[in-house]
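Below is one structure, written out as structure tokens; the observations come after it.
The values are calculated or read from the model by the stated rules, or taken from the named source; none is laboratory data. As the structure is a computational prediction, the values presented were derived from the model and not from experiment. Here the Cβ is made from the backbone with ideal geometry for all residues, glycine too, and neighbour counts use every protein chain on show.
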């Protein structure tokens, strides 16, 4: 077991690239660094040395997606020191992602100097994290003992085994697994209140809540492999992973859950009996935000993905993922790989898995359109009939 250095929330963590020097056009930058208190502020520091007078100095700050968070002019102290305070309470910074920044200077001769890009990973430094690792997997926790951490690591290793049965897991880079003691601890990250796990796939980080109690190991076995699948699927597909329909991303993640909850089947059966299933087309872009509807969406995504896997094989499921990663639409991906529309595949799944009559399901799905069509046709007939009656009178 290895223990990370304690990070105290009230003490600024010094990160970034320190003492980097960049000389060009008479400008030298030294002692470039960032200090921050998580959820409060980030303080950017640098010292500039120049042989040409500087008219203006600016800092441009970017988030992990290269969007500009802030661009501000800076005052240069007589000793060349630059400092800028970024208010992290006003702008949501994704935890465990990289914040990037650069400096720009307008010189007296009219030329513009632009520094290289600097970066710092915005970790949650409010707690004294401990670390346990095995190969590329690193578990971080701040409540609980070594056995607690070992259970989390074991769940991650089991999840890797399940992923490897579908495609080779890429362990070329570390995966950091941060364990929080409650779901409330995840709310500061901008997730829904019912979310118990979150993966930042591009940053190789996953966050999991595990409440104390007898079910803690079971929660690890469901949540950690689920979130780990998001990271590994991202590595397998590249940035095109973000093009996948949500039902497929979450469906594949549920496939590797160890001991998945039986509530998936119960909720699915109940919704089918009430004709309350959510159309898969409505689960392409996002899942509902309400807890009950969101859980049903996960249940449907899991069941439909299992149907595709068991009926057509894992290789076809991966072909589907690659098709979506290339940028095809939600319906087009199904057509390319399986030769049917998403609606047709949904009918086949509901018939095979839930025992529904496909003709009745199709009729139920078309009923609103049939009613609308009837209204459109019926109203002109009534108007025409009344006109004929008036004409006869």
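Within the range 74-109, the residues that satisfy the criterion of being modelled with pLDDT under 90 and in contact with a strand residue (DSSP E or B) (Cβ under 9 Å, 6 or more places away or on another chain) are 89, 91, 93, 94, 95, 96, 97. Taken together, the criteria place residue 66 among residues that are touching a residue at least 12 places away in the same chain (Cβ under 8 Å) and on the phi > 0 side of the Ramachandran plot. Checked against (1) at pLDDT below 95; (2) under 21 Å from residue 298 (Cα atoms), residue 202 meets all criteria but (2). The listed residues are 230, 226, 236, and the only one of them that is touching a strand residue (DSSP E or B) at 6+ places or on another chain (Cβ under 9 Å), surrounded by fewer than 21 Cβ atoms within 10 Å (Cβ to Cβ), closer than 16 Å to residue 166 by Cα and modelled with pLDDT of 95 or more turns out to be 230. When the range 56-70 is filtered for residues that are surrounded by 12 or more Cβ atoms within 10 Å (Cβ to Cβ) and in a strand (DSSP E or B), the ones remaining, listed by number, are 56, 57, 58, 59, 60, 61, 62, 69, 70.
For the range 94-153, the set of residues classified as part of a loop (DSSP other than H, G, I, E, B), in contact (Cβ under 8 Å) with a residue 60 or more places away in the chain and under 24 Å from the mean Cα position of the chain (by Cα) consists of 94, 95, 96, 97, 122, 123, 124, 125, 126, 127, 129, listed by residue number. The residues of the range 205-222 that are buried (at least 24 other Cβ atoms within 10 Å of the Cβ) and assigned to a helix (DSSP H, G or I) amount to a single one, 220. When residue 327 is tested against (1) part of a helix (DSSP H, G or I); (2) touching a helix residue (DSSP H, G or I) at 6+ places or on another chain (Cβ under 8 Å), just one condition goes unmet, and that condition is (1). Taking residues in the range 43-56 that are modelled with pLDDT of 95 or more, and partners anywhere that are surrounded by 12 or more Cβ atoms within 10 Å (Cβ to Cβ) and part of a loop (DSSP other than H, G, I, E, B), the pairs with Cβ atoms closer than 8 Å and at least 6 places apart or on different chains are 43/12; 47/80; 48/76; 48/80. Residues of the range 238-285 that are assigned to a loop (DSSP other than H, G, I, E, B) and within 16 Å of the chain's Cα centre (by Cα): 244, 245, 284, 285. Sort out which residues of the range 238-255 are free of Cβ contacts under 8 Å to residues at least 60 places away in the same chain and within 13 Å of residue 306 (Cβ to Cβ), and write them in order of number. Result: 247, 250, 251, 253, 254.
Of the set (1) out of contact with any strand residue (DSSP E or B) (no Cβ under 7 Å at 6 or more places or on another chain); (2) over 15 Å from residue 173 (Cβ atoms), all apply to residue 209 but (1).
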